[in-house]
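The values are calculated or read from the model by the stated rules, or taken from the named source; none is laboratory data. Bear in mind that the values here come from a model prediction, so they are computed numbers and not experimental data. Ideal geometry is used to build each Cβ from the backbone, glycine not excepted, and the neighbour counts take in all protein chains shown.
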Amino acid sequence: MKKYMKEYMAQVDSFISDEMKEASDEKIRDFLEEFDRKLSWFCHERLIHLLVTLFFALFLLIGMFMLITSPDVFTAVLAVLFLCLTIPYVFHYYFLENSVQELYKKRDLIETEKKSRKTASDI
């Protein structure tokens, strides 16, 4: 998902810097429709990863509590396992959150350009 999202963000950057200046209103509208569809997918992905991250963090806390209250090898291995799984999930969620926020900004930029074109053509 990370690679796909980076590639799509590069496509959006390319559209904004190169194609949008010469694109027709219909092409911009079509691009925004696809953009909104993919943005909703990314938001869904972000929500799912938030839930997974929260559950792994909760399991980590439970494992640490179990380790403190009744220390043995099994609970230590369990706590370390949850720690090793929680850290990558936090970083991945961080990437998803920041990428979606960046896509929101890019969408606003495209929408602003679209509105300014409409205003310029009305004059």
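Determine whether Leu50 is out of contact with any Lys or Arg (no Cβ under 7 Å at 6 or more places or on another chain), closer than 30 Å to Lys27 by Cβ, in contact (Cβ under 8 Å) with a residue 24 or more places away in the chain and part of a helix (DSSP H, G or I). Spell out how you get there, then give the answer.
Values: out of contact with any Lys or Arg (no Cβ under 7 Å at 6 or more places or on another chain): yes; closer than 30 Å to Lys27 by Cβ: no; in contact (Cβ under 8 Å) with a residue 24 or more places away in the chain: yes; part of a helix (DSSP H, G or I): yes.
For Leu50, the condition - out of contact with any Lys or Arg (no Cβ under 7 Å at 6 or more places or on another chain), closer than 30 Å to Lys27 by Cβ, in contact (Cβ under 8 Å) with a residue 24 or more places away in the chain and part of a helix (DSSP H, G or I) - is not met.
With the requirement that a residue be at pLDDT 85 or above and of a type in the set (Lys, Arg), what does the range 81-123 give you?
The answer is Lys105, Lys106, Arg107.
Restricting attention to the range 20-33, and to residues there that are assigned to a helix (DSSP H, G or I) and surrounded by fewer than 13 Cβ atoms within 10 Å (Cβ to Cβ), which single residue is modelled with the lowest pLDDT? Step through it out loud before you land on a result.
Step one: of the range 20-33, the residues assigned to a helix (DSSP H, G or I) are 25-33.
Now drop any that are not surrounded by fewer than 13 Cβ atoms within 10 Å (Cβ to Cβ), which leaves 25-26, 29-30, 33.
Details: Asp25: 79, Glu26: 82, Arg29: 83, Asp30: 85, Glu33: 89.
So, considering only residues that are assigned to a helix (DSSP H, G or I) and surrounded by fewer than 13 Cβ atoms within 10 Å (Cβ to Cβ), the one modelled with the lowest pLDDT is Asp25.
Which condition number in (1) touching a residue at least 24 places away in the same chain (Cβ under 8 Å); (2) outside any helix (DSSP H, G or I) is the one that Met5 fails?
It is condition (2) that Met5 fails.
Results for (1) within 27 Å of Ala10 (Cα to Cα); (2) of a type in the set (A, V, I, L, M, F, W, C), shown as yes or no for each residue.
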position	(1), (2)
Pro71	no, no
Thr75	no, no
Phe91	yes, yes
Tyr104	yes, no
Arg107	yes, no
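Pull out all pairs, ordered by first then second residue, where Cβ-Cβ is under 9 Å, the residues are six or more apart or on different chains, the first lies in the range 9-30 and is under 11 Å from Glu113 (Cβ atoms), and the second is at pLDDT below 85 and hydroxyl-bearing (Ser, Thr, Tyr).
Correct list of pairs: Asp25/Ser121.
Would you be able to say whether some residue in the range 6-17 is touching a Ser or Thr at 6+ places or on another chain (Cβ under 7 Å), aromatic (Phe, Trp, Tyr) and surrounded by 14 or more Cβ atoms within 10 Å (Cβ to Cβ)? Talk me through it step by step, then tell me what you get.
Here is the first cut: in the range 6-17, the residues touching a Ser or Thr at 6+ places or on another chain (Cβ under 7 Å) are 9.
Filter once more, keeping what is aromatic (Phe, Trp, Tyr): none.
Checked the range 6-17: no residue is touching a Ser or Thr at 6+ places or on another chain (Cβ under 7 Å), aromatic (Phe, Trp, Tyr) and surrounded by 14 or more Cβ atoms within 10 Å (Cβ to Cβ).
Out of Phe82, Phe42, Phe55, I need the residue that is surrounded by 12 or more Cβ atoms within 10 Å (Cβ to Cβ), aromatic (Phe, Trp, Tyr), touching a residue at least 40 places away in the same chain (Cβ under 8 Å) and assigned to a helix (DSSP H, G or I). Which one? Even if it seems obvious, please write down each step before you answer.
On the way: Phe82 fails: touching a residue at least 40 places away in the same chain (Cβ under 8 Å); Phe55 fails: touching a residue at least 40 places away in the same chain (Cβ under 8 Å).
The match here is Phe42.
Here is a list: Leu67, Leu39. Which entry is under 30 Å from Glu22 (Cα atoms), touching a helix residue (DSSP H, G or I) at 6+ places or on another chain (Cβ under 9 Å) and at pLDDT 90 or above? Break it down into steps so the answer makes sense when it comes.
Working: Leu67 fails: under 30 Å from Glu22 (Cα atoms).
Result: Leu39 is the single residue among Leu67, Leu39 that is under 30 Å from Glu22 (Cα atoms), touching a helix residue (DSSP H, G or I) at 6+ places or on another chain (Cβ under 9 Å) and at pLDDT 90 or above.
Against the definition (assigned to a helix (DSSP H, G or I), surrounded by fewer than 16 Cβ atoms within 10 Å (Cβ to Cβ) and touching a residue at least 60 places away in the same chain (Cβ under 8 Å)), how does Glu111 come out, yes or no? Before you say what the answer is, go through the steps one by one.
Details: assigned to a helix (DSSP H, G or I): yes; surrounded by fewer than 16 Cβ atoms within 10 Å (Cβ to Cβ): yes; touching a residue at least 60 places away in the same chain (Cβ under 8 Å): yes.
Yes.
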